[in-house]
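Remarks on the structure that follows.
Computed from the coordinates by the stated procedures, all read-outs in this text should not be read as laboratory data. Note that this is a predicted model, so its numbers are computed, not measured. Every residue, glycine as well, gets a Cβ built from its backbone with ideal geometry; the counts of neighbours run over all protein chains shown.
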Amino acid sequence: MVSAAFTACASALALTLAPTAASAAPVPTPITQLRAEGTQLVDGYGRTVLLHGVNNVDKEAPYIEPGDGLTITAADADLLAGYGFNTVRLGVSFDGLMPTRGVVDTVYLDRVAGVVDVLTARGIHVLLDNHQDGLSKPWGGNGFPEWSIQSRPQSWEPNPGFPLYYVMPSMNAGWDEVWNNTHGALDYLGDALGALAARMAGKTGVMGIELMNEPWPGSPFLTCFPNGCPDFDRTYQSAMQQLTDAVRAENPAMPVYWEPNVTWNQMMPSNLANPPRTPTIDDDDIVFAPHDYCIPSQLAIYLGSSQALRGLCVPQQDLTWSHVDEFTGRSGVPTVVTEFGDGDPTVLRNTLARADERFVGWQYWHYSSIEGPGATSDPFLGPVGRQLVRTYPQATAGDPGRMIFDPDNGDFAYRYTPHVSTKPTEIYVSALHYPDGYDVVVDGGHVTSAPGARIVTIEADGTGPVTVHVQRPGSPGAAVPDGPITTGSSGSTGSLDGSGS
């Protein structure tokens, strides 16, 4: 635990934080583009970065219009940064990028770039998410332009809406067009994403482009049950490689994020990068982008089933994270959970605890603009916010070890092994969990930030492990879990949307 020699130092670093203090956003270290290094993300200062953030996705044309009640504004960015969020998954649309066949909308690209600049100025890394749900507008979905898909719903087909419309025969025919590139949809999408990558050149806040949100297998979907679908994933990985090549042709430094096909959300494993079924990943800057949704909880939202079934979420989420571990073990690439959450604090806690155990970053679904209708209170002051707003190491000047954070009492403990970097370790101290201030206790290093700083900076005293504790005054604190990072243990305000995508 903590030696008594550090008690005086700890008491000197107490700070009283009002719950609304998030409006006083910390001054960020100038942002650099992230890169993959093994299974971690590293910044330009040589530090291992952990990402906590939110999604912001506008699914309706004209898309990404600050002031439309959804798209993030400067005030939203201040609020998010003040609560320690250092990433936003910003939805972009193929339909918005290329509303006319073969013609990229440069005005739309400029709007995307404007939001990126607002977030970057506040130290927030942006993942550009090529978002789709339900393929295209003819099915009541979004994403692919109508001109890119020739299939259409038939008069005899009932449309049950999200998410069951994926089993409609006509939509499956449309997805088959995509994966077979029957009418060039993948080629056009590659051109659109290439143009997006080119427009983002030099923007250090862009952490990458996610090539496609929740891709559906199309007519082979039944082959994905009960053990995944290696035949489809071979086709899918080829499509992801084609899109990756199109992005890199326009911006060689742009990281790309590959999401597993969406039967992952129904507990199926991914066969990406799983030789001999699919090729290994040899690219240095590909990141795995899975989601973590609980089926019983989602059914309660969309189909009105009993919320008592949420008790089944623990074994399902254990299975999902075992699939993450399997993929990490064979691929050796980083993981960022780019969607999770449904408004139930217990379900959120399941995800967050498992992410902490593995030092995996995440982006919560969903945050909408503070300027929208009905946004009258700070969304982070409720039970969901108390799970999401956390004390955590945003950047570690070393190799991360184990950490733990208790959202009930604010106890935080973290151990890392230092290495040379040009900036110190930075730990964001939650704005919500220390109503009477907080104590910082460090073993193997020392605090270099001012007393009461929202971001505590740490420098190592030598080459040995550094252990950091943050806790309420008088708390006995938390103990760092034993062993290495695990891969198998179990002003204005805005609004959080607890629904899935």
List Cys294, Cys229 from most exposed to least, where exposure is judged by having the fewest other Cβ atoms within 10 Å.
Cys229, Cys294
For Val92, which sequence-distant residues (separation of 5 or more, or a different chain) have an amide H within less than 5 Å of its own amide H, given hydrogens modelled in the peptide plane?
Asp129, Asn130, His131
Let me check against my output: what whole-number percent is the relative contact order of the stretch 176-267, with C-alpha pairs under 8 Å and at least 6 apart?
44
For Lys203, list the lysines whose Cα falls under 16 Å from its own Cα; do not include residues on the same chain fewer than 8 positions away.
none
Which of the lysines could a cross-linker span from Lys59 if the Cα-Cα distance has to be under 21 Å and same-chain partners fewer than 8 positions apart are dropped?
Lys137
Expressed in angstrom and rounded, the centroid-to-centroid distance over alpha carbons for the stretch 248-311 and the stretch 116-162 is 17
In deg cm²/dmol, rounded to the nearest 500, the helical mean residue ellipticity at 222 nm of the chain, built from -39500 (n - 2.57) for every DSSP H run of length 4 or more, is -8000 deg cm²/dmol
The stretch 325-420: C-alpha gyration tensor shape, a/c 1.5 cut-off, then a/b vs b/c
prolate
What percent antiparallel are the DSSP beta bridges of the chain, to the nearest 5?
55
Just for the stretch 313-436, what percent of DSSP beta bridges are antiparallel, to the closest 5?
80
